[in-house]
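Since the structure comes first, as structure tokens, the remarks are kept for the end.
Bear in mind these aren't lab numbers, they're just calculated from the coordinates by the rules spelled out. The shown structure was predicted, so the numbers you read here are calculated from the model rather than taken from an experiment. In this analysis, Cβ positions are derived from the backbone assuming ideal geometry, glycine residues included, and neighbour counts consider all displayed protein chains.
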Amino acid sequence: KQEVTQIPAALSVPEGENLVLNCSFTDSAIYNLQWFRQDPGKGLTSLLLIQSSQREQTSGRLNASLDKSSGRSTLYIAASQPGDSATYLCAVIDNNAGNMLTFGGGTRLMVKP
Amino acid sequence: GAGVSQSPSNKVTEKGKDVELRCDPISGHTALYWYRQRLGQGLEFLIYFQGNSAPDKSGLPSDRFSAERTGESVSTLTIQRTQQEDSAVYLCASSFWEEAETQYFGPGTRLLVL
């Protein structure tokens, strides 16, 4: 059974810092991996999707990498802003598992002004 | 266009009562998913629909949970005889069935069972 782990569980940084969020998964037979953002009282917003054949994806100040063989992904946030404060969730879709997402526990990020 | 909507946004009920949660997916999305997020825990997959069919119901926590979808559109998740451990945020998502597509999530229904 696929298990997804995110480290750290919580992170507090001053505004302007670059930071890295980590995600690991136990079964490397994944179809793709996604990073989501979750704001209190709101649904999930997809940030980046990396197909299993890809190594990274970039969107603005966000860069996500994927090392499928080692079961790891990182989300890099450059020049963090208070508006980046949210919970960041990593999720994978396994091969032959339909479109079911298996989520990690999330990293709660606080960016202080 | 309109995103995924869910109703009610909040529901408080007494232990033992039945509740119905509704999800309106993005128009044209053939796949629909239900997830649960209990306080302090990660998102837990419950069930998915391909069209109006749910091929695998093994993710539902107990036989008190059921779900249906009609017209390849609206879905309802029903919890019978609610228990306090059912308290959670229930999230719905929809997508095109092609596996590479991103799932679009609704805002969730916050259920509190007293």
Sequence order, segment A:46-58: Karplus ³J(HN,Hα) from phi using 6.51 cos²θ - 1.76 cosθ + 1.60, θ = phi - 60°, Hz rounded, Gly and Pro as x, gives 6, 9, 8, 10, 10, 6, 4, 8, 9, 9, 7, 9, 10
How would A:Met110, A:Met100 line up from fewest to most surrounding beta-carbon atoms within 10 angstrom?
A:Met110, A:Met100
Given that compact globular proteins tend to follow 2.2 N^0.38 Å, what is the ratio of the alpha-carbon Rg of segment A:1-91 to that value?
1.06
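Assigning unit charges at the beta carbon (Lys, Arg +1; Asp, Glu -1) and nothing else, what dipole magnitude in debye, to the nearest 20, does chain A show about its Cα centre?
Computed charge dipole of chain A: roughly 80 debye.
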One-quarter of the Cα convex hull surface for the protein assembly as shown, in nm²?
12.3
Full extension from A:Asn18 to A:Asp67: what is 0.36 nm times the residue separation minus their Cα-Cα distance, to one decimal in nm?
15.6 nm
Can you work out the FRET efficiency for the pair B:Thr30 and B:Gln83, with r the C-beta to C-beta distance and R0 = 22 Å, to the nearest 0.05?
0.10
Restricting things to alpha carbons, tell me how big segment B:1-76 is in terms of Rg and Dmax, in Å.
13.0, 38
Per principal axis, largest first, the Cα atoms of segment B:38-114 extend in Å by 39, 24, 20
Using the Cα centre as the reference, give the magnitude of the dipole from point charges on the C-beta atoms of chain B (Lys, Arg: +1; Asp, Glu: -1; all else neutral), rounded to the nearest 20 debye.
480
Treat every Asp and Glu Cβ in the protein assembly as shown as -1 and every Lys and Arg Cβ as +1, leave all other atoms uncharged, and give the resulting dipole magnitude about the Cα centre to the nearest 20 debye.
480
